[in-house]
Every structure is written in C-alpha cells, then in structure tokens.
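Engineer: Have a look at this one before I ask anything.
Every read-out reported here was derived from the displayed coordinates using simple, explicitly stated rules and does not represent laboratory data. None of these values were measured; they are calculated from a predicted model. Here the Cβ positions follow ideal geometry from the backbone for every residue, glycine too, while neighbour counts run over all protein chains shown.
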Ligand SMILES: O=C(O)CCC(=O)C(=O)O
C-alpha cells in the first residue's frame, strides 16, 4: 500500500462532530485493482466466509452478501486490511493512541430483487462495552443512490446506543429514537468514485438504498477499535469460536494493533 493519506485537523473535527466523513481517492488505481481481483478470487473459491442467514434466496442476501474476515485467507486482502495507510486514518479520526482490527467484511449488494440496508447502528451488534469503534467503507465500484451508496444521519452518534434492529424484518430503528432526536433526521448520501471511502462511528445511523442497477455494488469494510475495548459477552460470529472472558480487553493475534501513534 502507498504512503500515508493526509487528513486535516478540520476533517478530524468534522468526523468527531458528525460521526462520519467521506474521503476521496484513498486507494491508488493499482491498489483498487488488487482488491477487485481478490474479490474475483473470493467468488471463485466459493462461500466459505459467507454469513449464512437462510438459503440463497433469503431476504438477508437481498440486502447484501456478507463475507467476514477475508483477510485470514486472501493475501492481498490481508495486506489491505493490515495496512497502516487506512488504519492510521481510523486512529487519527477516532483520536486514539492505538487502534486494533475488529474484523473485515465484504458487503456485496447484488442487482435484481435488491433490498435496502435499513437504518441501523453497528455497535449494538458488536460485543463491546465501550464506544469508539469505527468502520472504513471502501467503494470498489462507483457508488450513487441508485446502486446503494452509504447515507448517514449527521450527529446521530450522539443519540446513544439503541437495541440492534432486525434488518430482515424491516424493523424501524426510528421507533426506538426519542422525539427530540427524530426531528433531526436529515440523511446525507455519499456518492463517490471507486477507491474512495467513508468512515463512520459504530453509533452513527446509516443506510444504503436497494441496488437498482444491473451490476453488483461491491464494498470492502474494515472495522477498527481503539485499544482497550472490552468484551461484553454478546454472541458474535468473530468472538464465538474463541470464548473471550466478559470484561477482558479484545486483544491478541485475532485483534492486532494496526496503527499506533
Ligand atoms: O453496505 C451496505 O449496504 C451497508 C453497510 C453497513 O451497514 C456497514 O458498513 O456498517
């Protein structure tokens, strides 16, 4: 991966205030091509990493095909996910001394009978006591509203942590949000060319509309957590096999330090 991506203090403040930021041309064309080729290889190698919720035609897979921790089996994805270039942006945005990898995942919104990724927060699904974890959502295709670019509600990360909503049942998170905050609901769409990305706080409300085009919308997401985040015991596909102890920090080889400053 190429060298450090410059972000200004104003951009860090924007992220801190709004809970998200959009960054253009983060990947070089060669880096983008490398990840796209890795996605082709993932497709050829089948479904080992797929989060299975129901069968091939399940509602979940109409929202997106999700493949978790590709970095464990695909060298070029490992290079990307562990690269200091992206991790250091996460560290600076979150104003952390050190960030660890939580996990990576591919989210592919297929064309056809496509569903929205409904409004939700991420942190309620993660087994973490503390806040602060954040995602880098890297576009591998040009994205716009019609194929499911990300959308965010500015400042919604300051509304608190709600219950995890069921994306498949079209349960609305807004039923959980109190009135004063609900009136501040002004989503901001994030169209951008491939190789650009957004970062969002695990508490920020986000959404992606159905893919109404005839091509897949591919995104590579890397999730980082400030060092010291502790395990809260919630079941999760990443932590279930390793049985962490409740209250202990998520550390070790599975959650390596990826940027320190
Ligand atoms: O890519 C999508 O459709 C949704 C992404 C998302 O929810 C996330 O990255 O947390």
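Engineer: Take residue 130 and residue 214, extend 7 Å from each Cα along the Cα→Cβ direction, and tell me the distance between the two endpoints in nm.
Structural biologist: 5.1 nm
Engineer: Gap in Å between the Cα centre of region 112-150 and the Cα centre of region 204-257?
Structural biologist: First find each Cα centre; the distance between them is then 11 Å.
Engineer: Show that you can apply the helix-only estimate: for the chain, add -39,500 (n - 2.57) for every DSSP H stretch of four or more residues, divide by all residues, and state [θ] at 222 nm to the nearest 500.
Structural biologist: After summing the helix terms and dividing by the residues of the chain, the value is -5500 deg cm²/dmol.
Engineer: Rank the residues 14, 255, 185, 24 as a footprinting-exposure proxy: fewest other Cβ atoms within 10 Å of their Cβ go first.
Structural biologist: Listing 14, 255, 185, 24 from fewest to most nearby Cβ atoms yields 24, 185, 14, 255.
Engineer: Which value results when the Cα radius of gyration for region 171-261 is divided by 2.2 N^0.38 Å?
Structural biologist: 1.44
Engineer: Now a separate question. Who wins for biggest fluctuation among 153, 99, 237 in a Gaussian network model of the chain, springs between alpha carbons below 10 Å?
Structural biologist: Of the options given, 237 has the highest mean-square fluctuation.
Engineer: Distance from the Cα centre of region 1-30 to that of region 157-177, in angstrom?
Structural biologist: Distance between centres, Cα-based: 27 Å.
Engineer: Based on the Kirkwood radius over alpha-carbon pairs, what value in µm²/s does the Stokes-Einstein equation return for the translational diffusion coefficient of region 9-236 at 25 °C and 0.890 mPa s?
Structural biologist: Translational diffusion coefficient: 138 µm²/s.
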